[in-house]
1. Cβ-Cβ distance below 8 Å, separation of 6 or more or different chains: which pairs start in region 207-220 with a residue that is within 12 Å of ligand 2 (Cβ to nearest atom) and end on one that is of a type in the set (D, E, K, R) and part of a strand (DSSP E or B)?
2. Can Ala101 be described as crowded, with 17+ Cβ neighbours inside 10 Å and not in a helix (DSSP H, G or I)?
3. Of the residues in region 26-59, how many are hydrophobic (A, V, I, L, M, F, W, C), more than 16 Å from ligand 1 (Cβ to nearest atom) and buried (at least 20 other Cβ atoms within 10 Å of the Cβ)?
4. Filter region 15-61 down to the residues that are closer than 19 Å to Cys190 by Cβ, of a type in the set (S, T, N, Q) and out of contact with any Ser or Thr (no Cβ under 9 Å at 6 or more places or on another chain), then identify the one that is nearest to ligand 2 (Cβ to nearest atom).
5. So for region 55-62 (the condition being modelled with pLDDT of 95 or more and under 22 Å from Ala196 (Cα atoms)), does at least one residue qualify?
6. Counting only residues that are surrounded by fewer than 18 Cβ atoms within 10 Å (Cβ to Cβ) and closer than 25 Å to Leu76 by Cα, which one in region 169-223 is modelled with the highest pLDDT?
Amino acid sequence: PPSVEFRDVGFAHPGRAQALRGVSFTADPGARTALVGPSGAGKSTSFALLQRFVEPDSGTILLDGVDITTIPRAHLRATIAHVEQDAPVLAGTLRENLLYAEPNATDAEVDRVLRVTMLKSFVDDLERGLDTEVGTRGVALSGGERQRLAIARALLRRPGVLLLDEATAQLDARNETALREAVDRAALGCTVILIAHRLSTVTDAERIVVLEQGRVRASGTHAELVRGD
Ligand code: ADP
Ligand code: ADP
């Protein structure tokens, strides 16, 4: 999978104060990198820049060492999957919820992804041949289940880079850990960049980048950050 590198990236939303001020960090291939920091620190803006929803005022963003402004948008879209907060749930079955995003996926691919991401009760039903109806006419999914479904949808595309926004998900700590384990199993071979609330929930990320007011305040492993290096 590709690496992602921010090199001295500066950006201000139109008419607003600087959202990023000289941000540099590297997300290593196949590793998990966590962006942590308070609301307004620039985490979501970093995701928007990486997907070229907006362009930096200064600095460079590289995907596998290549400046993303030189990469065709279709390739960028195919490579980077963003699991958004409050992803929609279609009124339909679990399988239909995956297939609408990726109509050419085979049943085997859909099942493989659902098995690793969804909760055991759903998987047990799938094993019994029961494809649960969800959404307005079926089972109401919890916040955590909706996020799992969104991750399943994203992984079905076999992206090189998975962007995950955990900060705003309505998850308790136990659910967060379970979801993390599911992603670890499913996202094997993806470069994962995640936005997290607290340092304590990303102890096992290979690299943590602490953002504050648009600046990288610290970066390193959890152990390094806790030691205050
Ligand atoms: P969080 O910090 O939990 O991500 P925010 O309230 O900062 O939530 O942002 C929620 C959404 O609103 C995001 O999509 C963000 O890009 C957008 N947003 C945040 N600040 C502004 C703003 N000043 N003007 C317009 N949109 C904003
Ligand atoms: P975080 O994700 O860390 O909460 P954001 O990237 O959402 O931080 O916000 C960084 C800064 O950019 C904040 O000042 C926020 O208000 C502003 N901002 C974010 N999204 C938008 C937007 N869509 N339009 C205008 N300003 C925004």
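The values are calculated or read from the model by the stated rules, or taken from the named source; none is laboratory data. Remember, it's a predicted structure, so these values are computed and weren't measured experimentally. Backbone-built Cβ (ideal geometry, glycine too); neighbour counts: all protein chains shown.
1. Partner pairs satisfying both residue conditions: Val210/Arg217; Leu211/Arg217; Gln213/Arg21; Gly214/Arg21; Arg215/Arg21.
2. no
3. Kept after step one, since they are hydrophobic (A, V, I, L, M, F, W, C), are these residues of region 26-59: 27, 31, 34-36, 41, 47-50, 53-54.
Then keep just the ones that are more than 16 Å from ligand 1 (Cβ to nearest atom); that gives 27, 31.
Narrowing further to those that are buried (at least 20 other Cβ atoms within 10 Å of the Cβ): 27.
Total satisfying the criteria: 1.
4. Going through the qualifying residues, I end up with Ser46.
5. Restricting attention to region 55-62, the residues satisfying the condition of being modelled with pLDDT of 95 or more are 55-62.
Right, trim to under 22 Å from Ala196 (Cα atoms) and you get 61.
The answer is yes, given that some residue of region 55-62 is modelled with pLDDT of 95 or more and under 22 Å from Ala196 (Cα atoms).
6. Glu206
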